[in-house]
Amino acid sequence: MVAPMDLKALLPAIEAAAVRGWPALEIVAVNGWLWRHASGASIRANSVAALGYSGTDLDASIDRIEQLAQSRGVSACFTVSDVSEPAGLDARLAARGYLRDTDHVTMAKLIAPRTPLPKGVNVAPRPSTGWLTAYLSGLSEDRRSVAPAIIERLPKTAVYIGARVGRRVVSSGLTIPDGRIASVQCMATLPDVRRQGGAQSVLHGIEHVAGHTGQIALYLQTSENNAAAQGLYFRADFRIIGRYHTRTKAL
């Protein structure tokens with residue numbers, strides 16, 4: 001069992017799981033990094049996962065990323081986390097004119113044993129039409145256009161959780177078990193029923209599922225300035241264990 005103060009030790013595994021848990025439509029390996037492209041505004045699906053660097057010439061590796069981005073007509077973008085490699089990557093990108101943007105936090109918690117499945121929460125191996133409607137309702141138009149294609153590429157172990165009012169799915173979420181950890185993803189609630197407990201029920205449903213499949217901790221990633229989301233997660237005993245941001249090359 002991981003002690004509460006040791007959750008940060010899971011951060012390398014969490015960052016790697018987050019990459020596997022939201023696959024881009026196009027992925028190219030560059031010296032251990034993964035260049036990802038999917039159009040739309042998804043950060044994870046349109047930035048370099050700078051983990052496990054194996055190169056010997058950092059500038060040459062960045063040059064290759066820029067070539068890939070240029071060939072698709074987009075700006076080169078890196079996700080830089082507390083465990084990104086190599087050391088000094090963020091400073092090197094800044095020196096090359098990459099602009100810092102989009103600060104995020106990684107949050108985690110130990111799974112509470114025997115978490116019950118809340119009333120009205122449905123668990124399924126595939127997303128229903130109602131689940132997709134709830135999830136897509138929380139996305140910007142450009143993210144909404146590509147999200148269904150990414151969902152089709154998720155690991156087969158993904159579990160879809162929906163909170164219902166009657167027959168209507170009002171809140172969505174999903175979890176992907178990955179070793180000792182499981183994700184909290186795709187949390188959304190239909191606009192007309194927000195702040196009525198749907199998201200909290202989905203979160204408890206995710207914890208119920210993960211507790212029955214052998215994981216010890218849940219993790220999630222959210223914008224640093226999303227106070228409403230962080231409030232929900234803090235109330236559920238999540239805590240911040242890491243931070244990451246993007247660096248995008250100025251045009």
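Check whether at least one residue in region 172-185 is open to solvent by 70 Å² or more (accessible area, probe 1.4 Å) and either of a type in the set (Phe, Trp, Tyr) or closer than 15 Å to Ser128 by Cα (or both), and report yes or no.
The first filter runs over region 172-185 and keeps only residues open to solvent by 70 Å² or more (accessible area, probe 1.4 Å), leaving 180.
Now drop any that are not either of a type in the set (Phe, Trp, Tyr) or closer than 15 Å to Ser128 by Cα (or both), which leaves none.
No.
A residue that is without any contact (Cβ under 8 Å) to a residue 60 or more places away in the chain, open to solvent by less than 50 Å² (accessible area, probe 1.4 Å) and assigned to a strand (DSSP E or B) cannot be found anywhere in region 106-122.
Across region 18-26, a minimum of one residue is classified as open to solvent by 40 Å² or more (accessible area, probe 1.4 Å), within 30 Å of Gly198 (Cβ to Cβ) and not polar (S, T, N, Q).
The set of residues in region 18-27 that are touching a helix residue (DSSP H, G or I) at 6+ places or on another chain (Cβ under 9 Å) and in a helix (DSSP H, G or I) comprises Ala18, Val19. Residues of region 145-170 that are closer than 21 Å to Ala38 by Cβ, surrounded by fewer than 17 Cβ atoms within 10 Å (Cβ to Cβ) and in contact (Cβ under 8 Å) with a residue 40 or more places away in the chain: Ser145, Ala149, Arg153, Pro155. Within region 166-177, is even one residue of a type in the set (A, V, I, L, M), in contact with a Pro (Cβ under 7 Å, 6 or more places away or on another chain) and closer than 20 Å to Ile14 by Cα? The answer is yes, given that some residue of region 166-177 is of a type in the set (A, V, I, L, M), in contact with a Pro (Cβ under 7 Å, 6 or more places away or on another chain) and closer than 20 Å to Ile14 by Cα. In the condition set (1) in contact (Cβ under 8 Å) with a residue 40 or more places away in the chain; (2) under 30 Å from Asp6 (Cα atoms); (3) in contact with a strand residue (DSSP E or B) (Cβ under 7 Å, 6 or more places away or on another chain), Ser128 is compliant with all but (2).
The set of residues in region 190-227 that are of a type in the set (Gly, Ala, Ser), over 17 Å from the mean Cα position of the chain (by Cα) and under 25 Å from Thr133 (Cβ atoms) comprises Gly197, Gly198, Ser201, Gly205.
Scanning region 28-45 for residues that are modelled with pLDDT of 95 or more and not in a loop (DSSP other than H, G, I, E, B), which turns out farthest from Leu136 (Cα to Cα)?
The selected residue is Val30.
The values are calculated or read from the model by the stated rules, or taken from the named source; none is laboratory data. Remember, predicted model here, so these are calculated numbers, not experimental data. Neighbour counts are summed over all protein chains in view; Cβ atoms, including those assigned to glycine, are modelled from backbone coordinates with ideal geometry. Calculation scope for accessible area: heavy atoms of the full protein, side chains included, ligands and nucleic acids excluded. Shrake-Rupley method; radii C 1.70, N 1.55, O 1.52, S 1.80 Å.
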